[in-house]
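The values are calculated or read from the model by the stated rules, or taken from the named source; none is laboratory data. No experiment lies behind these values; they were computed from the predicted model shown. Please note: Cβ atoms are built from the backbone with ideal geometry, for glycine as well, and neighbour counts cover all protein chains shown.
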Amino acid sequence: LKVKKKPVVIAKKVVKKREKKKSARVQEGKLLEQALKKIERKVKKEEAREPDRVEEAVSRLSSRARPGAETGKQGRPLGAAGGIAIEIYKAEIESRIKENWAYPVALVGPDASKELEATVILTVKRTGEILKWEFKKKSGNAIFDQSVIKAVERSNPLPPFPEGYIRSFDEIEINFNLRELQG
């Protein structure tokens, strides 16, 4: 007897293809793009607010100035125009120094960032040269204080005093805190 051989059928198994995981470079690229977009939005927001800040500063200074009422530390009258001019100058100096200020905010936790604050007193010569500076109040964080020092050093020399301001030097007090950087 001859036995007929039947072909053996092996069941087909359906195998799903696994999706390839995105490479780390693609993810890093997306993170970088997101970070850049966030920075661009922040810069646009700051640029939009800049004219408002200047107008606020001028109106605040104008409201404080009374004609003939202000006098300098040496007792010489400044007058309304001189008082406003030097206050605007001080605001410009503060803005310029803070533009040169950088602090790695990532080093500080969200709770501690509210507490970091330092105040510096600058003695500025009529020509804009910073004669000396000293901390009126330190933050207690060495890295933060060092970032303030670097901002002051990077900003030297400052613009000269406004015309008509008769003092040969003046003191400018500047307050630094992380709330300003975080915006």
#### Entry: Check on Glu129, surrounded by 12 or more Cβ atoms within 10 Å (Cβ to Cβ) and in contact (Cβ under 8 Å) with a residue 60 or more places away in the chain
no
### Enumeration of residues in the range 141-165 that are under 21 Å from Arg179 (Cβ atoms), part of a helix (DSSP H, G or I) and not hydrophobic (A, V, I, L, M, F, W, C)
Asp145, Gln146, Ser147, Lys150, Ser155
### Task
Filter the range 158-181 for residues that are under 20 Å from the mean Cα position of the chain (by Cα) and either over 24 Å from Glu115 (Cβ atoms) or surrounded by 13 or more Cβ atoms within 10 Å (Cβ to Cβ) (or both) and give the result.
Leu158, Ile172, Ile174, Asn175, Phe176, Asn177, Leu178, Leu181
### Message
Taking the criterion of being modelled with pLDDT under 65, within 28 Å of Asp145 (Cα to Cα) and of a type in the set (A, V, I, L, M), would at least one residue in the range 47-63 satisfy it?
### Response
no
### Task
Output the residue which, of all residues in the range 141-157 that are of a type outside the set (Lys, Arg) and out of contact with any strand residue (DSSP E or B) (no Cβ under 9 Å at 6 or more places or on another chain), is surrounded by the fewest Cβ atoms within 10 Å (Cβ to Cβ).
Ala142
### Message
For a quick check of your reading of the model, give me the residue pairs whose first member lies in the range 99-126 and is of a type in the set (Ser, Thr, Tyr) and modelled with pLDDT of 85 or more, whose second is surrounded by 13 or more Cβ atoms within 10 Å (Cβ to Cβ) and part of a loop (DSSP other than H, G, I, E, B), with beta-carbon atoms closer than 9 Å and at least 6 apart or on different chains.
### Response
Thr119/Lys138
